[in-house]
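What follows is a single structure, written as C-alpha cells, with notes after it.
The values are calculated or read from the model by the stated rules, or taken from the named source; none is laboratory data. All values derive from a computational prediction rather than experimental measurement. Here Cβ is always computed from backbone atoms with ideal geometry, including for glycine, and neighbour counts include all displayed protein chains. Just so you know, the surface numbers come from the protein's heavy atoms only, side chains and all, with ligands and any DNA or RNA stripped out. Shrake-Rupley method; radii C 1.70, N 1.55, O 1.52, S 1.80 Å.
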Amino acid sequence: MKRMFFSIAFAMAQLLPTPSLAQANTTGMPIKNPMLWADCPDPDVIRVGDTYYMMTTTMHLMPGAPIMQSKDLRSWETVGYVFDRLTDSPKYDLQQGTVYGRGQWATSLKYHDGRFWALFAPNEGGDMGKTYICTSPKAEGPWTVHSRLRHFHDATLFFDDDGTPYVFYGTGQMCQLSRDLKSVVEGSDRHYFEREADETGLLEGTRVVKHQGTYYALLISHVYAPGRHRREVCYRTNDLNGKWEKAVILESDFGGFSYIGQGTIVDSEYGDWYGIIFQDRGGVGRVLTLSPVRWIDGWPMIGDENGKVPATMRPLKSHQPRKGIVCADDFSSSDLGLHWQWNHNPIDGAWSLKERPGYLRLKTCRVADNLYLAPNTLTQRMEGPACSGTIKIDYAHMKDGDRAGFAAFNGDSGVLTLKRKGKKTWLEMSEQSVQLTDREKAVSQVDEKVVESIELTRGKGNGGETLYLRIDADFQAGHNDAANFFYSLDGKEWQKIGTTNYRMLFDYRRLFMGTKFAIFCHATKKTGGYVDIDLFDYKCSDK
C-alpha cells in the first residue's frame, strides 16, 4: 500500500453533535440523519435475513443500478451493479447526444423464490425507454436481463403471497404480469385510485409492501398550494380489485432544508419498521433519511412522535464495522473499485490499472471539445456535512491540446484543468456550465470562465511532472454548497487557486444529480496522450 497524503483542517468537534447520555451508554453508535448524506435518490430497500439491500438512481453513470448492503441501516457499502453498461443507443457512449439526467431511474428491488429481481425503466421515449427486468441469485451479481416490457414510469415490482407478479407505476396505475415476467396480462392495466383535487402535482415513486394482509402503496406527492408541502402519502386496501383509501404518512422538513419525500419502508428481523426517504439538499444531491415507522390505526406513520424526521436514531446493532459508499483509493488493485462510476459508458481500451501497477492510467481516445463530451471521466459522490478529495496526477505524457484534471462535476462545474499547450503545461481553475438540447440531451454549448491560470515548471515536485489537486466541499445548511480548490507540489504545502466558495448547484433540467468528484483526461487536438493517477484520497467530516 502506498502512503496517502492529505492536508485539511475540519472543525470536527463543531460538526458532530454531542451524544445524549442514553446514546453514550449504548454499545453501538447512534444513526445520525441524514443516514446517507450523499446523492442516493429514489431508494428501494429490502431485507433478506439479517441483511438490508438498497438500490438508488444513478442515471447516466456506469456501471448502473448500484446495489448497496448494510447490516444496521447505518453503514452501507456498494457490493454490485445490475449492469455494466446500457447499449440501446450511441447516446450512452456520448455519441449523437447524451443521456444526462436520463438512463436508469428508480429501480425496484425484490427478493422472490430465492432470486433477486430488479425493475427499472430509462427515462426515454421509444425503445430506449422500455422497462428492464433483471435477475440474479446473488445481490452482488452477475445479473442477467430477463425481459423487456413497455415503459413504466417510476415503477415497482410486487409479488403477492401466491407469487402473482404486478407492476405499480405512474400516478395510481397497475397491471398484472405473466408468471414468467415476460408480458403484461391482457386487460389487467388499470388505475387503482384517482388523484384527488388537492393533489395538484404528480404522485410518483411508487413502492408497495404487504403487511398483515393489507397492501400499502407509498408515493411522493408534489402539492403546490399555500401551506402545503412535498409529502409522502400512502394508499391501502385489503383487495387489489377493491377500493383504496389514503393517508398522509410523512410531511416533515429537516435540518434546515425543505420537505422530505419519496422512499419506502422496511422491517427488521426483530419486527421493527423503518422509513427510508430522500430529501433534496442542493449541490450534494438527494440524501437519505432514516425514521421509525409507527403503525397507527393500520397506517405506517413515518417519523417520531411528532411526525418529524429525528436527528438521531438508536443503533440497530452493536459493533458493526463502519463502511462507506465513497472511498479513498490507491489503485493498487487490478480491478476498479465498486465505489467508482464512469460518466456514460467507458471505452475499456482507454484506461488501465495494469499498464503501470499502482496507478490508474487514463488515455485519450477521442477528440472532445469539452469536459461534458469527454469519454472515461471517472466519478464518485461527494458527501456532507463536509468532505475533501485529493488526487495525485502524473501528467508527463500529455500531448499538445490534452486536458486532464479534477472537477466538482455537474451541469455547473468547478474544474481544475491541466492544459498542455505545445511543450508547456498550465493549471487552470475554471467555472464551466453546459447547455443541453431538450430532446437528445446533446451538448449545444459549454461556457467556460477561466478564473485563475498558472504555468507549471518542470523539475519541481515528485518526479518532475506530478501535481496534487484537491477539492474541499461544504454542504452544511447556510454554507451555500461551497467548493474550494487547491494544488500542491508535495501533498503537504497547499496553494488555493480560483474561485473562493464556488457554489455547487443541483439542476433537474440538465444532469439531475448531486455534484461528483470527477477525474478526467481528454484530447482536443489528437489522441495518444495519457495521465497516471497515483491516488484518490478522501476525507469526510462525518467519518
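State the cysteines of the chain left without a partner when partners are defined as other cysteines whose beta carbon lies under 4.7 Å away.
Isolated Cys, the chain: 40, 134, 175, 234, 327, 365, 521.
Which value, in debye to the nearest 20, describes the size of the charge dipole of region 170-273 about its Cα centre when Lys and Arg Cβ atoms bear +1, Asp and Glu Cβ atoms bear -1, and nothing else is charged?
Value, rounded to 20: 160 debye.
Farthest toward the dipole's positive end in region 164-281, which of 244, 223, 183, given Cβ charges of +1 (Lys, Arg) and -1 (Asp, Glu) about the Cα centre?
183
Find which of 29, 367, 192 sits farthest along the positive direction of the dipole of the chain, computed with +1 on the beta-carbon of Lys and Arg, -1 on that of Asp and Glu, about the Cα centre.
Most positive-ward Cα: 367.
About the Cα centre of the chain, what is the dipole size in debye to 20, counting +1 per Lys and Arg Cβ and -1 per Asp and Glu Cβ, all else neutral?
Working: 65 positive and 67 negative charges, 300 e Å.
About 1440 debye.
Calculate, in whole percent, how much of the Cα-Cα pair population of region 275-339 lies beyond 17 Å.
64
Over the Cα atoms of region 436-543, each weighted equally, I'd like the Debye log10 I(q)/I(0) at q = 0.17, 0.22, 0.23 Å⁻¹, rounded to two decimals.
Log-scaled intensity ratios, in q order: -1.17, -1.48, -1.50.
Along Cα→Cβ, 7 Å out, is where each label goes; now give me the distance between the ones at residue 180 and residue 229 in nm to one decimal.
5.0
What is the chain's relative contact order, in percent, from Cα pairs under 8 angstrom and six or more apart in sequence? Kindly include the intermediate steps, with their values, before the conclusion.
Working: 1485 pairs, mean separation 84.3, N = 543.
Over the chain, the number comes to 16 percent.
Put +1 on the Cβ of each Lys and Arg and -1 on the Cβ of each Asp and Glu in the chain; which of 61, 434, 407 then has its Cα farthest toward the positive end of the dipole?
407
How far is it, in nm, from the label point at residue 314 to the one at residue 267 when both lie 7 Å from their Cα along the line to the Cβ?
Placing both labels 7 Å beyond Cα along the Cβ direction yields 1.9 nm.
Can you tell me how region 47-179 classifies by the Cα gyration tensor, rounded, prolate or oblate, using a/c under 1.5 as the rounded cut?
oblate
List the residues, sorted by chain then number, that are 5 or more residues from residue 398 or on another chain and whose placed amide H is less than 5 Å from its amide H.
For residue 398, whose amide H was placed from the backbone, the distant partners under 5 Å are 530.
Can you pull out the trypsin sites (Lys or Arg not before Pro) in region 20-120 whose DSSP state is coil and whose Cβ has at most 16 other Cβ atoms within 10 Å?
Values: sites: 32, 47, 71, 74, 85, 91, 102, 110, 115; in loops: 71, 74, 85, 102.
Here the trypsin sites (Lys or Arg not before Pro) that fit, given the DSSP loop and packing criteria, are 71, 85.
Applying 1/(1 + (r/R0)^6) with R0 = 22 Å to the Cβ-Cβ distance of residue 95 and residue 507, what FRET efficiency is obtained, to the nearest 0.05?
Working: r = 23 Å, r/R0 = 1.06.
Computed FRET efficiency for residue 95 and residue 507 comes out at 0.40.
In region 421-492, which trypsin sites (Lys or Arg not before Pro) fall in coil by DSSP and have 15 or fewer other Cβ atoms within 10 Å?
423, 439, 458, 460, 492
Size of the dipole of region 395-455 about the Cα centre, Lys and Arg at +1 and Asp and Glu at -1 on the beta carbon, nothing else charged, in debye to 20?
Charge dipole, region 395-455, about its Cα centre: 360 debye, nearest 20.
Rounded to whole Å, give me the distance from the Cα center of region 474-543 to that of region 29-51.
Here the answer is 26 Å between Cα centres.
Enumerate the amide H contacts of residue 200 below 5 Å, restricted to partners 5 or more residues apart or on another chain; note that Pro and chain-start residues carry no placed amide H.
It is 224, by chain and number.
How far apart, in nanometres, would the label points at residue 493 and residue 190 be if each is projected 7 angstrom from Cα along the Cα-to-Cβ direction?
In this crude spin-label approximation the distance works out to 7.6 nm.
Could you work out the relative contact order of region 312-461? I mean the mean sequence separation of Cα pairs under 8 Å and 6+ apart, divided by the number of residues, in percent. Each step should come with its number before you reach the end.
Working: 204 pairs, mean separation 20.3, N = 150.
Relative contact order of region 312-461: 14 percent.
Add +1 for every Lys or Arg and -1 for every Asp or Glu among the other residues with Cβ under 13 Å from the Cβ of residue 104, and state the total. Don't jump to the answer; show the numbers that get you there.
Numbers: positive: 85, 102, 130; negative: 42, 44, 84, 88, 124, 154.
Result for the neighbourhood of residue 104: -3.
Which residues among region 497-535 fall inside the zone where the amide N is under 15 Å from a point 7 Å beyond the Cα of residue 396, along Cα→Cβ?
530-534
Enter the accessible area per residue of region 213-355 (Å², integer; probe 1.4 Å; all protein chains in place). Write down the numbers at each step before the final one.
Working: 5670 Å² over 143 residues.
Roughly 40 Å² per residue, with all protein chains present.
How large is ³J(HN,Hα) for each residue in region 32-49, as worked out from phi by the Karplus curve 6.51 cos²θ - 1.76 cosθ + 1.60 (θ = phi - 60°), to whole Hz, x for Gly and Pro?
Ordered by residue, 3J(HN,Hα) equals 8, 8, x, 4, 10, 8, 7, 6, 9, x, 6, x, 10, 10, 10, 10, 10, x Hz.
Accessible area of residue 184, 1.4 Å probe, to the nearest 10 Å²?
Roughly 50 Å² of residue 184 is accessible to a 1.4 Å probe.
Quick one: 3J(HN,Hα) in Hz for region 248-257, Karplus 6.51/-1.76/1.60 with θ = phi - 60°, rounded, Gly and Pro as x.
Coupling constants for region 248-257: 7, 10, 7, 8, 8, 7, 6, x, x, 10 Hz.
What does the highest-first list of 166-173, 405-412 look like by mean Cβ count within 10 Å?
405-412, 166-173
Go ahead and estimate [θ] at 222 nm for the chain from helices alone: -39,500 (n - 2.57) per DSSP H run with n ≥ 4, summed, over the residue count, rounded to 500. Don't jump to the answer; show the numbers that get you there.
Values: 2 runs with 8 residues, N = 543.
When only DSSP H runs of four or more count, the value is 0 deg cm²/dmol.
Assuming 0.36 nm per residue, please report the length gained on full extension of the stretch residue 198 to residue 370 beyond their Cα-Cα distance.
Values: separation 172, 0.36 × 172 = 61.92 nm, distance 4.53 nm.
Going from the current span to full extension adds 57.4 nm.
With Cβ to Cβ distances under 14 Å as the rule, what net charge do the other residues near residue 146 carry (K, R +1; D, E -1)?
Combined, the nearby Lys, Arg, Asp and Glu give +4.
Can you list the GluC sites (Glu not before Pro) in region 419-527 that are in a DSSP coil and have 12 or fewer other beta carbons within 10 angstrom?
493
Please report how far the C-alpha centroid of region 144-199 lies from that of region 72-128, rounded to the nearest whole angstrom.
Between the Cα centre of region 144-199 and that of region 72-128, the gap is 18 Å.
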